Amino acid sequence: MMTSKVADPAAGENDRPANNLLRTLRPSDYSLLEPHFQHWESPSHELLYNPGDNVDVIYFPCGRSLVSFLVTNEDGHDVETILVGREGAVGGIVSHGNLPAYAKIVVQFGGPFIRLRVRDLEAAKSRSLTLRHLFARYADCLLAQVFQSTACNAIHTIEQRTAKWIIAAMDRTGDHVVPLTHEQLAFMLGVGRSYTSRVIQTFKNEGILETRRGALLVHDLDALRARSCLCNESVKSHFESVLLGVYPADGD
């Protein structure tokens, strides 16, 4: 499979919003979209879409912003399926708009976003084959995350999933401080608070992390990786095969 690659930063891409997917675009493709960008600052826990809502706006998380896809089960509890940060976008990536959202989409960590109307993306894609191909490749990466998350939730322990989630958040934010409480983490994993509290306490006892008011501070990333499953690495490997350079690298 051919691999798309992030454009050379020396060509001015670092002047673009801090979203790797947007920085991947060729200058000619970027110029088709940029006039339609809306810069927006979102608070944490902002609801972007409910199931059934018409998807008419695409959101590109920038910098440390992070979005969660949540699926509501039959007892009314929400369970997270995937995280999306500066490596991607949510909403109407390959559709032509006028389609309902399936999952609840919520801003997990607030921060800057670029908003783009679906109709403006579709107009740009009609003028650029490379733009159509890039967003199709990203949609493939997004689907790979969903598949991996399904398998992870079925076969891995709460400890492995907890470590995986923290690492996934760190990968996307580039920060060792994860602004998350035990209760919020349990909500994301779809388990009781007592389970995640026991796991976090174990990690604290081993010097892997410490808890602060409303946040987790990771001290030993290598030890945390050793306690995690390999789902993050599988997703990252697929990104590197399909959209080289879009998934945040260590130290970004």
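The table below gives the values:
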{"quantity": "First in region 210-233 and at positive phi, second anywhere and of a type in the set (Val, Ile, Thr) and open to solvent by 30 Å² or more (accessible area, probe 1.4 Å), Cβ under 8 Å, 6 or more apart", "calculated": "214/181"}
{"quantity": "Unique residue being open to solvent by 10 Å² or more (accessible area, probe 1.4 Å) and in contact with a His (Cβ under 7 Å, 6 or more places away or on another chain) when the list is 120, 140, 175, 171", "calculated": "120"}
{"quantity": "Options 94, 79, 67: the member that is outside any loop (DSSP other than H, G, I, E, B), among the aliphatic types (A, V, I, L, M) and surrounded by fewer than 20 Cβ atoms within 10 Å (Cβ to Cβ)", "calculated": "79"}
{"quantity": "Failed item in (1) open to solvent by 50 Å² or more (accessible area, probe 1.4 Å); (2) in contact with a His (Cβ under 9 Å, 6 or more places away or on another chain), with residue 190 passing the rest", "calculated": "(1)"}
{"quantity": "Checklist (1) at pLDDT 90 or above; (2) open to solvent by less than 40 Å² (accessible area, probe 1.4 Å) applied to residue 206, failing item", "calculated": "(2)"}
{"quantity": "Extreme residue, farthest from residue 88 (Cα to Cα), among residues of region 200-252 that are among the charged types (D, E, K, R) and assigned to a loop (DSSP other than H, G, I, E, B)", "calculated": "206"}
{"quantity": "Cross-chain or 6+ apart pairs with Cβ under 6 Å, region 126-142 first and among the small types (Gly, Ala, Ser), then buried (at least 16 other Cβ atoms within 10 Å of the Cβ) and in a helix (DSSP H, G or I)", "calculated": "128/29"}
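The values are calculated or read from the model by the stated rules, or taken from the named source; none is laboratory data. A quick note: this is a predicted structure, and the numbers were derived from the prediction, not measured. As a convention, Cβ positions derive from the backbone with ideal geometry for all residues, glycine included, and neighbour counts pool all protein chains shown. Quick note on the areas: whole protein, heavy atoms, side chains included, nothing else; ligands and nucleic acids left out. Shrake-Rupley method; radii C 1.70, N 1.55, O 1.52, S 1.80 Å.
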